[in-house]
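The values are calculated or read from the model by the stated rules, or taken from the named source; none is laboratory data. What you are looking at is a predicted structure, and each value in this text was computed from that prediction instead of being measured. When we count neighbours, we look across all protein chains shown, and the Cβ atoms used for this are built from the backbone with ideal geometry, even at glycine.
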Amino acid sequence: MGTPIHAAKVTEESIQKTVFDALRKCGAKSLLAWHPKNGGPHQMTIGQRINNHKLGVLSGIADVHILHKGQFYCLELKTETGKETTEQQWIRDAMTEAGAACHVAYGIDDALAYLKFQGLLR
């Protein structure tokens, strides 16, 4: 009997890579997508967080930003068991109020389905 093969653990990073791969390969025409480099290891010390705040870095900003045909989309990526932070909820509410279409995707299937539903994937 062989050693069981376990599926790789799905992380937010792996979901993000899959989303950007899909947007590069199958994104709608004239679509611009990017990841804002907020948070993460470059914000580990209090000094870095203070400096980043002065530079306009916002805690809780969505993982994927997309501009297409005058509409701004924000997509927060979570694993299927992930949870939004208070900062992420606040940012999503503020961006929605400002006119962005925002969504929290739980897993890769949810993320890709949202992008297709919005017409952002061909």
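Among residues of the range 64-96 being among the aliphatic types (A, V, I, L, M) and part of a strand (DSSP E or B), the one that is farthest from Lys17 (Cα to Cα) is Leu67. The single condition among (1) modelled with pLDDT of 95 or more; (2) touching a Ser or Thr at 6+ places or on another chain (Cβ under 8 Å) that Gly60 does not satisfy is (1).
Which one of Gly99, Gly39 is in a loop (DSSP other than H, G, I, E, B), on the phi > 0 side of the Ramachandran plot and modelled with pLDDT under 95? Please lay out each step first, then the result.
On the way: Gly99 fails: modelled with pLDDT under 95.
None of the other options fit; the residue is Gly39.
Being at pLDDT 90 or above and not in a helix (DSSP H, G or I) narrows it down to one residue among Lys29, Lys17; which is it? Walk me through how you get there before you give the answer.
Numbers: Lys17 fails: not in a helix (DSSP H, G or I).
It is Lys29.
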